[in-house]
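Inspection log for the structure reproduced underneath, given as structure tokens.
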Amino acid sequence: MRGKLKDLTFGAHGEQHITITVTRDFRGDFDAMKDVDVNVEIKKWREPRSKDANAYFHVLVNKIAEARSLGDDEVKRSLVVEYGALAKDEDGNTLGAMLPVSANMDEFYPYTRCYKTMTLEGKEYRCYLFYKRTHTLDTKEMARLIDGAIFEAKALGIDTDTPEQLARYKEDWNKE
């Protein structure tokens, strides 16, 4: 939910009171939660990534996959791990897992990077970092992912113009 910090005051016992204005009707949620402990996270607002950005990313994935004779899922995974955002919990801790070397991480979660192998009690394990799924990226994170896909596509000689750019070119050509 989007909002703005409005005020910060201090109570007699050292507690802090934060006033937040929100952009949607919160009365029902407030009534349900006003007397219980709640989890609070305040961070800078970023627009969620647009469906157009997601569609453009998938067009690039498809073109790169075709040029490399790979599957779309394989290319998407590679791009997300190379240029995407690390997954974090509500406290800002980076998420990951440790699995025995015999386990296939792709069966559990597709967007991971193995960053080390270790031995624990005589058994070998691989340690993985998790990356966010594309539908959870904000605009800044999605822009970085698309920039990475554009970089990879251009290195393969792939045209990276968006449909909007192509339409503008055609419009300009028709004017001449």
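Among residues other than residue 19 whose Cβ falls under 9 Å from its Cβ, what is the net charge (Lys/Arg +1, Asp/Glu -1)?
On the way: positive: 6; negative: 7.
After counting each charged neighbour, the total is 0.
When you filter the trypsin sites (Lys or Arg not before Pro) in region 36-114 for DSSP loop state and at most 14 other Cβ atoms inside 10 Å of their Cβ, you are left with 43, 44, 46.
In this rough spin-label picture, where each label sits 7 Å from Cα along the Cβ direction, the residue 161-residue 62 distance is 1.8 nm. Phi angles of region 88-105 translate, via the Karplus equation with coefficients 6.51, -1.76, 1.60 and θ = phi - 60°, into HN-Hα couplings of 9, 7, 5, 9, x, 7, 5, 9, x, 8, 10, 10, x, 4, 6, 7, 9, 4 Hz per residue; Gly and Pro are given as x. Just checking the listed ones, 79, 60, 99: in the Gaussian network model of the chain with Cα springs under 10 Å, the one fluctuating most is 99.
Where a number appears in this text, it was derived from the coordinates with a stated rule and is not lab data. Remember, predicted model here, so these are calculated numbers, not experimental data. Note: ideal-geometry Cβ built from the backbone for every residue, glycine included; neighbour counts use all protein chains shown.
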